[in-house]
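In what follows, a structure is listed as structure tokens, so that the remarks can point back to it.
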Amino acid sequence: MGEERELLERTARLARAYLDSLGTRPVPPSASTDELRAALGGPLPEHPADPADVVDALAAAAEPGLMATGSGRFFGFVIGGALPAALAADWLTATWDQNAGLYAVAPAASVVEETAEGWIRDLLGLPDRTSVGFVTGCQMAHVTCLAAARREMLLRAGWDVDEQGLTGAPPIRVVTGARRHVTVDRALRLLGIGRVALHTVGADDQGRLDVDELGAELERPASPTIVVAQAGEVNTGAFDSFHPVADVAQAAGAWLHVDGAFGLWAAASPQLRHLVDGAERADSWATDAHKWLNVPYDSGLALCAHPEAHRAAMSAHADYLMQAEPGAARDPLDWTPEFSRRARGFTVYAALRSLGRSGVAALVEQSCAQARCFAAELERLRGAEIMNEVVLNQVLLRFADDATTAAVLRHVQESGRAWMSGTTWDGRDAIRISVSNWSTSDDDVDRTVRAFGDAVTAVGAR
Ligand SMILES: *Cc1c(COP(=O)(O)O)cnc(C)c1O
């Protein structure tokens, strides 16, 4: 007992030391692949080892291979940090080690999900009956929502997919924009909906799908139809025009699904809510808690306006399970593809409870203000061009030519002062800046802008 206490206290000190280092350590990892393999590799140990030694050795060996995504100067991909309350709740989640599949073995986890479900609906302005599955990320939120869509839309076409599968089913049509996220395609693939079912409509220079083209495609009668729209394009942060999208989707009797991995959180801000106007008319939404809500990995949310379809697509029954009476309590396995699962609701609950309505709005607005500040400051650098309308937390930047853009990006990355990734946009190399961390300060933005300034000087940008 004493040994376990000592181990956990020591581990808490290791965690604290890591968090304390975030302000000063280089953002990117320092170790090479070979160094990490030398430090972490080797054959399976034949015999037990002292737990404290295992944890010490793991911490020491892993440290140089950690990307400091929790740093206020990490702007890569779209990756949030970890709010203190959510991180602490995550420690407890591991400690309690609840199997949150069933109410019977995890009642607190179940009630926390129930509570957080209501808070999320409220915060994101979604219909009262919207059901929430606490999944691993937006990828599995797509799978969950699109499984509900597939089942429901086939049922409306007279086909029971649970009974008959997809062989011989009425062909499903999926209509979506050219700038959809790759996880939509993967979700469809996992659900047995092949590429022939996919009708891609054009997108504008910000990545917003072309509503006229969508309308024209939907006028071609075909059922069942699923439309996938987007709140927050992964590079530009752009939003589709949801009212016109919902109008044509509704007129065609289609199921409308929205990929709102981070963009859906605009709904939590009175200043930004207009960006998602009309998104509440969708049938389902996929979003993340581990991005903008700053919950530790992994945490996504599958949201569905048709709880019966959602539940029917996911639930499972067996005699040995002690399943809750319908309406009496929530069995989380009814709402996710997982059976046994980590009690993911605790961290989401803690994040929402610690921020409150005003705190979520402030977090989202702060990131957007910092993104606008980045755009204003970086645009002054020699040869720099901001490529997107900075409507949210994403900034796309390029220099005179691809070689210069790549050289500036590499220089900033290698400086260790900040880290972000690249992409191509409009056929040109670009640098992506995503502001998604609660702990990013205005000073972090200034320091990052200075790192860019030095990079521009160093590479002799034209
Ligand atoms: C990140 C992202 C996803 C995938 O989310 P995961 O949490 O990584 O599964 C899907 N869509 C968009 C727009 C994203 O930004």
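Observations on the model:
- Residue match in the stretch 265-278 (condition: surrounded by 24 or more Cβ atoms within 10 Å (Cβ to Cβ), over 17 Å from Trp119 (Cα atoms) and in contact with a Leu (Cβ under 6 Å, 6 or more places away or on another chain)): no
- Only one of the numbered conditions (1) within 27 Å of Asp283 (Cβ to Cβ); (2) away from the ligand (no atom under 16 Å from the Cβ); (3) among the small types (Gly, Ala, Ser); (4) crowded, with 22+ Cβ neighbours inside 10 Å is violated by Gly118, and that is (4).
- Pairs with Cβ under 6 Å, 6+ apart, first in the stretch 441-454 and closer than 19 Å to Leu363 by Cα, second not aromatic (Phe, Trp, Tyr): Ser441/Gly72; Asp444/Gly72; Asp444/Arg73; Val445/Gln370; Val445/Cys373
- Some residue of the stretch 263-276 being closer than 23 Å to Val161 by Cα and modelled with pLDDT of 95 or more: no
- From the options Leu272, Leu301, Leu293, residue that is more than 24 Å from Glu213 (Cβ to Cβ) and more than 12 Å from the chain's Cα centre (by Cα): Leu272
- In the stretch 255-272, the qualifying residues are those that are more than 10 Å from the ligand (Cβ to nearest atom) and part of a helix (DSSP H, G or I), and the one that is nearest to Glu389 (Cα to Cα) is Ala266.
- Annotation: Arg357 fulfils all but one of (1) touching a residue at least 60 places away in the same chain (Cβ under 8 Å); (2) more than 24 Å from the chain's Cα centre (by Cα); the unmet one is (2).
- Sub-6 Å Cβ pairs linking a first residue in the stretch 372-390 that is more than 21 Å from Asp204 (Cα to Cα) to a second residue that is surrounded by fewer than 18 Cβ atoms within 10 Å (Cβ to Cβ) and not β-branched (Val, Ile, Thr), at least 6 apart or interchain, are Gly383/Ala400; Gly383/Arg462, ordered by first then second residue.
- Residue selected from the stretch 405-453 under the condition part of a strand (DSSP E or B) and aliphatic (A, V, I, L, M), by the criterion farthest from the chain's Cα centre (by Cα): Ala430
- Qualifying residue in the stretch 52-63 (condition: under 25 Å from Asn437 (Cβ atoms), within 16 Å of the ligand (Cβ to nearest atom) and in a helix (DSSP H, G or I)): no
- Output for the stretch 273-305, where each listed residue is within 11 Å of the ligand (Cβ to nearest atom) and of a type outside the set (A, V, I, L, M, F, W, C): Thr287, Asp288, His290, Lys291, Tyr297, Asp298, Ser299, Gly300
- Single residue of Asp298, Asp319 found to be part of a loop (DSSP other than H, G, I, E, B) and modelled with pLDDT of 95 or more: Asp298
- Verdict on His257 being surrounded by fewer than 24 Cβ atoms within 10 Å (Cβ to Cβ) and either closer than 26 Å to Gly202 by Cβ or in contact with a Cys (Cβ under 8 Å, 6 or more places away or on another chain) (or both): no
- Residues of the stretch 320-339 that turn out to be touching a residue at least 24 places away in the same chain (Cβ under 8 Å) and of a type outside the set (A, V, I, L, M), as a count: 9
- For the residues Ala430, Ala407, Ala451, the requirement of being farther than 20 Å from Thr236 by Cα, of a type outside the set (Asp, Glu) and touching a Ser or Thr at 6+ places or on another chain (Cβ under 6 Å) singles out Ala451.
- Considering the conditions (1) in a loop (DSSP other than H, G, I, E, B); (2) of a type outside the set (Asp, Glu); (3) modelled with pLDDT of 95 or more, Ala461 is excluded by exactly one of them, (3).
- Qualifying residue in the stretch 19-27 (condition: surrounded by 13 or more Cβ atoms within 10 Å (Cβ to Cβ), among the hydroxyl-bearing types (Ser, Thr, Tyr) and closer than 30 Å to Pro326 by Cα): no
- Subset of the stretch 214-254 that is within 11 Å of the ligand (Cβ to nearest atom), more than 23 Å from Ala147 (Cα to Cα) and among the polar types (S, T, N, Q) - its residue that is surrounded by the fewest Cβ atoms within 10 Å (Cβ to Cβ): Asn235
- Candidates in the stretch 156-213 are the residues that are among the polar types (S, T, N, Q) and assigned to a helix (DSSP H, G or I); of these, the one that is farthest from the ligand (Cβ to nearest atom) is Gln164.
- Being touching a Leu at 6+ places or on another chain (Cβ under 7 Å), surrounded by 20 or more Cβ atoms within 10 Å (Cβ to Cβ) and modelled with pLDDT of 95 or more is a property that Val112 lacks.
The values are calculated or read from the model by the stated rules, or taken from the named source; none is laboratory data. Note that the structure is predicted; figures quoted are calculated from it, not measured. In this analysis, Cβ positions are derived from the backbone assuming ideal geometry, glycine residues included, and neighbour counts consider all displayed protein chains.
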